[in-house]
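Any read-out appearing in this document is the output of simple, stated calculations on the displayed coordinates, not a laboratory observation. What you see is a predicted model, and the numbers here were worked out from it, not measured in a lab. Heads up, the Cβs are rebuilt from the backbone with ideal geometry, glycines too, and the neighbour counts pull from every protein chain shown.
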Amino acid sequence: RLLRLLPGEFDDPVECQLITYELNKAPDYEPISYAWGDLTDTCEIICNRLPHFITINLFQALRRFRRMQPRLLWADNICIDQKSNLEKNHQVAFMKEIYEHGYRTLVWLGEE
């Protein structure tokens, strides 16, 4: 799955869509490298028109990476079903390929 980050101003709600592609047939996308941070410190985004909670660090990254047009990204916290151990184990095995197939990797070090 890839994350289509929808446009918006800095203070607008973060909205996105998940789109499924085969890795070798995916359009250009940018994986995000970031630290999850405190798993209990979360923010709400809207994903596929439903509320979804992500870590504050990823939330801040998405707000900063948002543009005035949709942007195709990959972020493990959203693109991997975190409620499925089977999917997490399967996807973690492909992390190297996921980053290699991206046309560039975005690195988020935090707001500070």
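Quick one: which residues, 5 or more positions from S33 or on another chain, have an amide H under 5 Å from its amide H? H modelled 1.01 Å from N in the peptide plane, none for Pro or chain starts.
Residues meeting the criterion, in which the H sits 1.01 Å from N, are L106, V107, W108.
What nm distance separates the two modelled labels at I56 and E22, each placed 7 Å from Cα along Cα→Cβ?
Using points 7 Å along Cα→Cβ, the separation is 4.3 nm.
Roughly speaking, what is the stretch gain from R4 to R67, that is 0.36 nm per residue apart minus the C-alpha to C-alpha distance, in nm to one decimal?
Gain on extension, R4 to R67, equals 21.5 nm.
Go ahead and set up a Gaussian network model of the chain, Cα springs under 10 Å, then flag whichever of N48, N89, N57 fluctuates most.
N89
Could you tell me which residue out of F94, P27, T55 lies farthest along the dipole of the chain toward its positive end? Charges go on the beta carbon: Lys and Arg +1, Asp and Glu -1, centred on the Cα centre.
Value: P27.
About its Cα centre, how strong a charge dipole does the chain have in debye, to the nearest 20, once Lys and Arg get +1 and Asp and Glu get -1 at the Cβ?
Numbers: 13 positive and 17 negative charges, 73 e Å.
In total the dipole reaches around 360 debye.
Could you tell me which of F65, L106, I78 has its Cα farthest along the dipole of segment 64-112 towards the positive end, charges placed at Cβ (Lys, Arg +1; Asp, Glu -1), taken about the Cα centre?
Checked the options; the winner is F65.
In a GNM of the chain with a 10 Å cut-off on Cα contacts, which of L86, L23, L50 has the highest mean-square fluctuation?
L86
Considering just Cα atoms, how many Å³ per residue does the convex hull of the chain enclose?
107
Find how much the distance from D38 to Y103 grows on full extension, using 0.36 nm per residue of separation minus their present alpha carbon separation; answer in nm with one decimal.
Taking 0.36 nm per residue and subtracting the Cα distance, the gain is 20.5 nm.
Just want to confirm a number: the relative contact order over segment 35-112, from Cα pairs under 8 angstrom separated by 6+ residues, in percent.
About 25 percent, as a whole number.
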